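Take a look at the structure set out below.
The values are calculated or read from the model by the stated rules, or taken from the named source; none is laboratory data. Since we're looking at a predicted model, the values are computed, not measured. When we count neighbours, we look across all protein chains shown, and the Cβ atoms used for this are built from the backbone with ideal geometry, even at glycine. Quick note on the areas: whole protein, heavy atoms, side chains included, nothing else; ligands and nucleic acids left out. Shrake-Rupley method; radii C 1.70, N 1.55, O 1.52, S 1.80 Å.
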Amino acid sequence: MSFLLRLSRLIDWINERVGRGVMWLVLIAVVISAGNALVRKLFNTSSNALLEIQWYLFAAIFMLAAGYTFLRNEHVRIDLVTNRLSARGQNIVDVIGILLFLLPMAVLILWLSWPIVMTSVQSGEMSQNPGGLIRWPVKMLLPLGLGLLVLQAVSELIKRIAFLTGHGPNPLRKKSAGAATEELVAAIKAQRGGRAEP
């Protein structure tokens, strides 16, 4: 079990880094969107490339952050039934959901999308819009994002089994908003070498 928990920590580390990087894409998308709107209003012109890069960034945010969202336990849940269960019962429901629904669905879509992505890469597929962008990078986000989600599903499965067998804490315990703030303050202090702001 210790090897599996180390593997889980490695997967968590990967998705944590990817998720934190993807956060910057939100800012870039907002800046490009605002700039495109200003240019369109002020100069009555636009660019298909700028419009498409907004779509690409949205796709990247959505696909690449799926594993990070699962890591943070912030994905959409139907808690109507599971909230009535004990921590053990909630983790059992999650194990069943991961094994019967999430992993098969993600692996199937990953497998079906790969030939489409490879065809796009090999053909050098371009946008049909004048001045548009190449298409394969945005299509590559589908298997990449699903790959990260599959890895995180494996990690979450390991953590839930560890909890059920008494080898780890409850992975479904959510942190309070205060705990998240304290975690952020501790991270900022660690970056500054422990110095507090004057």
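Here are the numbers for the structure shown:
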read-out: Residues that are more than 26 Å from the chain's Cα centre (by Cα) and either outside any helix (DSSP H, G or I) or surrounded by 13 or more Cβ atoms within 10 Å (Cβ to Cβ) (or both), drawn from segment 108-124; value: G124
read-out: Test: N36 is open to solvent by less than 40 Å² (accessible area, probe 1.4 Å) and not in a helix (DSSP H, G or I); value: no
read-out: Residue pairs meeting the criteria (Cβ under 8 Å; at least 6 apart or on separate chains; first closer than 20 Å to E74 by Cβ, in segment 132-155; second open to solvent by less than 30 Å² (accessible area, probe 1.4 Å) and polar (S, T, N, Q)); value: L146/S113; L148/N15; L151/N15; Q152/N15; V154/S8; S155/S8; S155/N15
read-out: Close pairs (7 angstrom Cβ cut-off, 6 or more residues apart or separate chains): farther than 22 Å from L142 by Cβ in segment 60-88, surrounded by 13 or more Cβ atoms within 10 Å (Cβ to Cβ) anywhere; value: N73/L172; T82/Q90; T82/V93; L85/V93; A87/N170; A87/L172; R88/L164
read-out: Any hit, segment 77-97, residues being within 11 Å of the chain's Cα centre (by Cα) and not basic (K, R); value: no
read-out: Which listed residue is at pLDDT 95 or above, surrounded by fewer than 18 Cβ atoms within 10 Å (Cβ to Cβ) and of a type in the set (A, V, I, L, M, F, W, C), from L164, L99; value: L99
read-out: Long-range neighbours under 9 Å by Cβ, at least six apart or interchain, first residue within 30 Å of N170 (Cβ to Cβ) within segment 90-116, second of a type in the set (A, V, I, L, M, F, W, C) and open to solvent by 80 Å² or more (accessible area, probe 1.4 Å); value: V93/V81
read-out: Condition met for L172 (at pLDDT below 90, out of contact with any Pro (no Cβ under 9 Å at 6 or more places or on another chain) and open to solvent by less than 60 Å² (accessible area, probe 1.4 Å)); value: yes
read-out: Residues (open to solvent by 50 Å² or more (accessible area, probe 1.4 Å) and either part of a helix (DSSP H, G or I) or modelled with pLDDT of 90 or more (or both)) located in segment 82-96; value: R88, I92, V93, I96
read-out: Residues of segment 70-81 that turn out to be assigned to a helix (DSSP H, G or I) and surrounded by fewer than 17 Cβ atoms within 10 Å (Cβ to Cβ), as a count; value: 3
read-out: Residue selected from segment 46-69 under the condition touching a helix residue (DSSP H, G or I) at 6+ places or on another chain (Cβ under 6 Å) and part of a loop (DSSP other than H, G, I, E, B), by the criterion surrounded by the most Cβ atoms within 10 Å (Cβ to Cβ); value: A65
